[in-house]
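Visitor: This is the structure I want to talk about, given as C-alpha cells.
Derivation of every value follows stated rules applied to the coordinates shown; laboratory data play no part. In this text, all values refer to a predicted model and were calculated from it rather than measured experimentally.
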Amino acid sequence: MTFVPNLLSPNVKYDNMLSLMDEARGRLGTLEGVGRIMPNPNLLIRPYITKEAVHSSKIEGTMASITDVFRFDLERMPNKYDTYSRVREVHNYSIALQKCLARIDAGADITLDMIKSVHHML
C-alpha cells in the first residue's frame, strides 16, 4: 500500500502572503535599526528571550510567570518559596539560551557539544 498525500490547495493567496512577508521584513528592518543605535541592545532582546523561556518551559510542564522570572533576576528569590525551583529552572533556560545565542553570534557552529553544554546549564 503506497501513501499518496492530498494535493496541495490550488487556492493559495500568494499576493496576501507576499504582502505580509514584505510588512514583516520592513518591521524587522526597523527593529534592526533600533538595535544598532541602542547602547545596550540586550534591553530590547532579553525580555523576548525570557518570554520564550517561559513558554517553552510550560510545554515541559514547568509553570512560572514572566513576572516571577524577572523578580528572580532582581532578587534571586521569588515571592513564594514553593515556586523557587520552577522559576529557577525557567531562569536557567533563559540564561542558557542567551549564552548559546552569544556563541552563535561569535561565529560558533551549532554542534552536539554546544547543545550538550547548554543543556548542562539547565
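Visitor: Checking understanding here: applying a Kyte-Doolittle mean of at least -1.0 and a length along the axis of at least 27 Å (C-alpha), which whole DSSP H helices in the chain pass?
Guide: 14-37, 84-105
Visitor: Now for a separate question. Can you give the percent of C-alpha pairs in region 80-122 whose distance is more than 11 Å?
Guide: Everything past 11 Å amounts to 65 percent.
Visitor: Just need the relative contact order of the chain here, percent rounded to a whole number, with Cα pairs under 8 Å and 6+ apart.
Guide: So the answer I get is 18 percent.
Visitor: So what is the calculated 222 nm ellipticity per residue for the chain, using -39500 (n - 2.57) for each DSSP H run with n of 4 or more, over all residues, to the nearest 500 deg cm²/dmol?
Guide: -23000 deg cm²/dmol
Visitor: How many Å³ per residue does the convex hull of the Cα positions in the chain occupy?
Guide: Once divided by residue count, the hull of the chain is 213 Å³.
Visitor: Could you calculate the contour length gain from residue 16 to residue 52, that is, 0.36 nm times the residue separation minus the distance between their Cα atoms, to one decimal place in nm?
Guide: 10.2 nm
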